[in-house]
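Structure, as structure tokens:
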Amino acid sequence: MWKLLILATVTIAAPIYAQTCAQADAALAQAYTQMKEGGSHSHAGSANENQRETAETRFNQTLSAYLQQPDSWACRFPRTTRAGIVIHTAPNGRLRSFSWDAQSGGTLREYHNLLQYRTPSGRSATQKGEGILTGIYSDTLGQHGTAYFVTSIGKYSNTLYGQSLSVWQISNDGLRPLNIIRTSKATNTLSYEYSASHSGRNEDFAYDARSKTISFPLVPKADANHPDAAYGAAQVSNRRIRYRFNGEQFVRLN
């Protein structure tokens, strides 16, 4: 099963000079545009791996450095989002995600993300990962305090996709997985795969704060004669699987 990959927390010294929101936004938009122009998916047919890698390095350094600045939380990155970077922010404003296509590879594209979070002490930090993040929910879960639900999507082929939801908690020690989903073992992640050629409106994760319920579609195993059978995924059904918080854990409902 596919799952969101979160890598180590990035600790970066303050940039040589502080950037304003407008300066960082312009630099990021320019670097990402150059990544697209030199990337393997360039519509202009001008693929240039050296240009793409140089622009990618500049993009990563600019984003990571700027997000260390406390005032970066007020920046909405209008030019960066228009260039193609996907940004989501938790309702309480303490966790934000940046996701993008690395503009490399063939049919299977390479996606990266960066999570920016603010600890209870007020420190800003970032954490790298892979995959496109599609949303962030937050809720107060009793003794666990504030929990963050991060949803993501992965693409394995032209027809095979995967989605994931993971639960996180922010402490002064950093962003850490909150293993409060009861499956065969306590985990912080739920995920599933499906055939995108037969997807519909029921394919996404959802979180209902009123009932504290996570839901996602039931995906039956593909018929042995189905073209996607080798991948073990089938079309999304109209039924949904639900996990509800019981005061301690999320448990599956019958």
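On the basis of the beta-carbon distance and an R0 of 25 Å, K185 and S157 show a calculated FRET efficiency of 0.25. Each label was represented as a point 7 Å from its Cα along the Cα-to-Cβ direction; for E53 and T81 these points are 3.4 nm apart.
With a ≥ b ≥ c the root eigenvalues of the C-alpha gyration tensor of the range 53-208, is it rounded (a/c under 1.5), prolate (a/b larger than b/c) or oblate? Oblate is the answer for the range 53-208, as a/c is 1.5 or above yet b/c matches or exceeds a/b. When peptides 61-67, 108-114, 247-253 are sorted by average Cβ neighbour count within 10 Å, with the highest value leading, the order is 61-67, 108-114, 247-253. Here r is the Cβ-Cβ distance between C21 and Q61 and R0 is 22 Å; the resulting FRET efficiency, rounded to 0.05, is 0.80. For the range 75-160, the alpha-carbon coordinates run over 45, 30, 18 Å along the three principal axes, in decreasing order. Note on K185: aspartates and glutamates with a C-alpha under 16 Å away, same-chain residues under 8 apart excluded, are E248. Using the Cβ of G84 as centre and a radius below 10 Å, the other residues enclosed give a net charge of +1, where K and R count +1 and D and E count -1.
The lysines whose alpha-carbon is closer than 21 Å to the alpha-carbon of K128, local same-chain residues fewer than 8 away aside, are K3, K36, K155.
Stretching the chain fully between R252 and R240 yields a gain of 3.2 nm (0.36 nm per residue, less the alpha carbon separation).
Working from label points 7 Å from Cα in the Cα-to-Cβ sense, the S121 to D173 distance is 1.3 nm.
I need the calculated FRET efficiency for the pair K221 and E110, taking r as the beta carbon distance and R₀ as 25 Å, to the nearest 0.05. Walk me through the numbers before you get to the answer.
Details: r = 29 Å, r/R0 = 1.15.
According to the calculation, E is roughly 0.30.
Just so you know, all these numbers are worked out from the coordinates, no wet-lab data involved. These figures come from a predicted structure and were not determined experimentally. So basically every Cβ, Gly included, is an ideal-geometry build from the backbone, and we count neighbours across all protein chains shown.
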